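Worksheet: the structure to be examined is printed underneath.
The values are calculated or read from the model by the stated rules, or taken from the named source; none is laboratory data. Only a predicted model underlies this, so the values are computations on that prediction, with no experimental measurement involved. When we count neighbours, we look across all protein chains shown, and the Cβ atoms used for this are built from the backbone with ideal geometry, even at glycine. Protein only, heavy atoms only, side chains kept; ligands, DNA and RNA dropped before computing areas. Shrake-Rupley method; radii C 1.70, N 1.55, O 1.52, S 1.80 Å.
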Amino acid sequence: MAEQPQAIYLKDYQVPAYLVDATTLRFELADDQTRVRSTLTMRRNPDAPSAPAPLELHGHESLELCRLAIDGQDLAATDYQREGELLSIAEVPASFVLECTTRIHPQTNTALEGLYLSGGMYCTQCEAEGFRRITFYMDRPDVMSVFTTTVEADKARFPVLLSNGNPVDSGEQGGRHWVTWEDPFPKPAYLFALVAGDLQHIERPYKTASGREVALRIFAEPKDLDKLDHAMDSLVNAMRWDEDVYGREYDLDIYMIVAVDFFNMGAMENKGLNIFNTSCVLASPQTTTDAAYQRVEGVVAHEYFHNWSGNRVTCRDWFQLSLKEGFTVFRDAEFSADINSRTVKRIEDVTLLRTAQFAEDAGPMAHPVRPASYIEISNFYTLTVYEKGAEVVRMLHTLLGPELFRQGSDLYFERHDGQAVTTDDFVCAMEAVSGRDLTQFRRWYSQAGTPTLRVTDDYDAATQRYRLHVEQLLPQTPDKLEKLPLHIPLSVGLLDERGADTELDGGATTVVLELTEQRQSFAFEGIKARPVPSLLRGFSAPVRLQYAYSRDALVFLMRHDSDGFNRWDAGQQLAVEIMQGLMADYRQGRALQLDQALVDAYAAVLDDETLDPAMVAKVLSLPSEAYLSELSECIDVDAIHAARNFVRAELARALEPALLRRYEALAPRCDYAPSADQVAQRSLRNLCLSYLMALEAPAHLVRARAQYDGCDNMTERQAALSLIAHSGFEVDAAAVLEDFYQRYENETLVVNQWLAVQACDPKPGALARIQALMEHAAFDLRNPNKVRSLISTFCAMNAVNFHDASGAGYAFLADRIIEMNRLNPQVASRLLTPLTRWRKYDEARQALMQAQLRRIQGSGELSRDVYEVVSKSLN
Ligand code: B3K
Ligand code: ZN
């Protein structure tokens with residue numbers, strides 16, 4: 001049996017023994033193999049302990065080493081040792097030139113890490129540790145070097161040859177050509193990129209605030225050239241925003257984005273040469289939904305913002321991943337909030353956090369924002385590192401206020417430009433500008449698990465004093481570490497009996513209470529009558545909040561809270577409480593009955609023409625099955641599904657005329673644009689249609705089909721498609737799915753949507769349909785987008801079918817994971833997520849899920865990725 005993969009610990013960090021001052025690479029791309037020649041100018045690190053250490057280079061097992069030389073002298077096989085991913089040379093001079101030639105096989109690289117082929121085009125993915133699949137190197141983020149890269153390939157088939165930086169030379173000979181690129185900014189190897197293919201691009205000039213000219217280019221396959229304008233607009237907006245809000249400018253002469261179809265995640269911020277999943281770049285009204293338009297905008301901005309938060313200032317080691325990811329997610333969220341609706345953006349982000357990150361934090365893979373150990377770093381590109389990490393930065397922003405936060409970020413960029421640093425360096429900069437002691441705040445980086453705030457209150461009419469009592473409850477997590485109280489900003493407002501905000505400190509209507517102790521009380525003086533508290537406004541901290549609101553108080557907050565986020569959240573809490581009651585009734589076999597309070601509250605919101613339609617749509621969207629699951633002690637998928645569907649249908653029955661009225665009134669009057677107001681209108685219109693379709697009435701089916709046939713954009717068409725496809729009108733469902741496929745057969749991303757719509761169809765028999773779709777020409781196990789659309793969607797969004805009591809869904813998923821473990825370990829490991837949650841289900845399902853985890857564990861040689869998640873889940 002192969003040795004078990006070992007964990008790596010933050011506490012073992014050591015500075016690199018050697019440095020790479022310059023890296024010169026030459027790639028000869030050919031059909032059967034690629035030859036990579038590297039020349040590294042190296043020297044001993046003056047900051048390393050003085051005794052000369054062996055030189056340790058990383059190289060993946062698949063690398064074929066052709067030549068290794070120091071200062072021109074070839075090394076013999078006995079001059080170095082190769083063990084696992086390390087190649088060590090016992091003795092090297094204090095400074096030297098290392099030459100290395102390797103042979104690699106991008107054609108057979110299905111892991112999509114290092115150099116691989118996407119369709120017919122060469123591309124790379126090096127974060128976190130993909131560069132070691134290209135050549136032997138000190139593949140760690142604290143080794144930063146300037147790179148000069150020459151790419152050579154067949155000219156006719158690969159007319160475009162790209163790498164980081166600026167092109168400085170090119171030439172051709174006998175059907176082959178080459179281009180040399182120079183990147184003057186020192187960078188770690190994970191930011192290296194190369195692209196070679198038959199690509200076309202759009203271009204736009206950009207002038208930075210200080211007057212420098214930059215050429216912006218977005219590359220794609222020729223057939224997709226008409227879908228790049230939105231990404232370009234987003235890029236320009238992001239560049240301007242970073243100048244305005246953070247004072248950060250772009251630093252090279254060219255900024256390139258390339259769209260590829262085969263990609264493990266959304267996109268990658270390689271210096272000057274971002275590589276993007278097509279799903280995060282391409283957009284056109286006919287093929288792209290509003291949600292996908294916004295995703296393109298957000299991801300383009302995110303990768304651009306990394307140029308400072310990630311590239312110019314990078315991570316010392318991978319435990320510091322949230323240094324760049326948490327901060328950059330915070331930056332992109334603020335960008336999106338500034339150019340779209342701030343409240344809607346916040347609602348969407350918090351929904352993701354509370355549904356998926358809280359679940360992660362309560363499961364076997366729970367880890368702090370700055371993990372203390374890992375087996376495979378790819379497993380730590382998580383919601384905790386990204387989303388909770390962004391919340392931690394947001395809390396700093398709340399505690400310091402916008403001006404000091406900006407001074408802090410200026411100081412951070414200035415102090416650390418060109419360095420590889422830690423989350424602590426970031427906090428230090430915030431401390432330096434604010435004079436605050438953030439020692440306790442740092443626990444957010446080292447403690448896993450979601451805290452709960454238990455809030456009670458009392459009011460004394462005689463003294464006009466209102467008090468809030470807050471207790472922090474800190475959960476146990478798999479690391480079993482002791483948890484200490486956190487420093488938590490709790491934003492609070494107090495509503496008087498008319499629903500108006502009470503003036504608190506110095507006239508402010510929202511105050512930030514700073515919790516630092518396990519139990520703390522806060523008094524408000526001069527309060528004329530018992531207020532209704534609006535707690536955790538804007539979701540000021542990533543915590544679970546417990547306060548015993550009456551249903552009346554929730555309805556009151558829904559109607560009056562001046563904080564948009566909390567208005568929405570009051571509605572969610574009301575709906576959750578009602579649905580939880582119905583779930584209990586369902587289990588006991590009692591007749592279900594909907595509380596009129598919810599009907600009345602929803603009716604009032606639906607009739608409120610003064611509210612932004614996007615907010616109306618958000619308030620009227622019932623909490624998802626996934627969120628109800630996360631809130632459950634023991635998840636009963638059938639009860640959740642039944643209760644939620646019952647509420648939907650009852651609301652539709654009670655509000656049918658109003659829903660219809662708004663649906664008709666929101667009919668589009670102008671050509672499609674992804675503008676905020678149009679997006680808002682479509683979202684409410686589609687929501688109305690979804691309630692109407694819950695009535696399963698032929699008249700509404702006709703309406704949905706008319707929308708499907710008559711619309712000019714994918715947002716309306718896809719909404720109608722999934723409503724009809726998921727309805728009980730089976731003949732119509734089949735017909736519309738067939739029509740959709742015929743229309744979009746040649747649009748890969750739309751076909752992926754078609755797969756996803758079928759994957760989340762809750763009707764019985766879903767598994768057989770999924771299995772049939774796996775044989776369809778539209779499916780390809782090697783393409784991560786397709787795996788996500790079909791398999792991940794089924795397992796995550798179709799709970800009643802995936803968790804079928806037979807266990808067939810679990811066995812199906814385990815089979816896919818065993819297959820994918822060999823092809824693409826990163827994707828395989830992500831597929832495991834639903835099985836890691838086995839402790840949340842009833843005993844019978846627990847046993848079935850564990851059995852599948854054990855089957856995977858015993859299925860043969862596991863990648864580090866899958867090994868880590870399976871073994872932690874079974875522990
Ligand atoms: N930094 C990349 C993620 C790389 C994931 C590697 N497994 C994308 C991003 O967060 O911007
Ligand atoms: Zn990122």
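Values as computed for the structure displayed
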| item | result |
| --- | --- |
| Among 8-20, 558-570, the order from most to least packed when residues are scored by Cβ within 10 Å on average | 558-570, 8-20 |
| Helix 389-400 axis, angle to the chain major axis (alpha carbon atoms, nearest 10°) | 70 |
| Under 5 Å, built H, 5+ apart or other chain: amide partners of residue 534 | 493, 494, 495 |
| Above-threshold pairs, the threshold being 25 Å between Cα atoms, out of 345/480; 388/483; 223/324 | 345/480; 223/324 |
| The chain: relative contact order in percent, alpha carbon pairs under 8 Å with at least 6 residues between | 8 |
| Residue-normalised accessible area of the chain, given per residue in Å² at a 1.4 Å probe | 39 |
| Using alpha-carbon coordinates, inclination of helix 402-416 to the longest axis of the chain, degrees | 10 |
| Rounded tilt (10° steps) of 808-823 against the dominant C-alpha axis of the chain | 20 |
| Sequence-separation-based contact order of segment 68-165, relative, with Cα cut under 8 Å and 6+ spacing, percent | 17 |
| Rounded, prolate or oblate (a/c below 1.5 giving rounded, otherwise prolate when a/b exceeds b/c) for segment 334-439 by Cα gyration tensor | oblate |
| Restricting segment 1-82 to GluC sites (Glu not before Pro) in coil, as DSSP defines it, with at most 14 other Cβ within 10 Å | 3, 61 |
| Overall form of segment 103-185 per C-alpha gyration tensor (a/c, 1.5; a/b vs b/c) | oblate |
| Cβ crowding within 10 Å averaged over residues, with 838-845, 713-720 ranked highest first | 713-720, 838-845 |
| Highest to lowest packing among 402-410, 530-538, scored as the average C-beta count within 10 Å | 530-538, 402-410 |
| Protein accessible area in the chain, 1.4 Å probe - carbon and sulfur % | 49 |
| Point-to-point label distance, residue 30-residue 850, nm (Cα→Cβ direction, 7 Å offset) | 5.5 |
| Anchor residue 763: lysines whose Cα lies under 29 Å away (excluding residues fewer than 8 positions away in-chain) | 618, 786, 840 |
| Partners for residue 872 among aspartates and glutamates (Cα-Cα distance below 18 Å; same-chain residues under 8 apart left out) | 3, 360, 361, 376, 479, 861 |
| Loop trypsin sites (Lys or Arg not before Pro), segment 136-219 (other Cβ atoms within 10 Å of the site Cβ: 15 or fewer; DSSP) | 155, 157, 212 |
| Global geometry of segment 488-557, whether rounded, prolate or oblate, following the gyration tensor of its Cα atoms and the 1.5 cut on a/c | oblate |
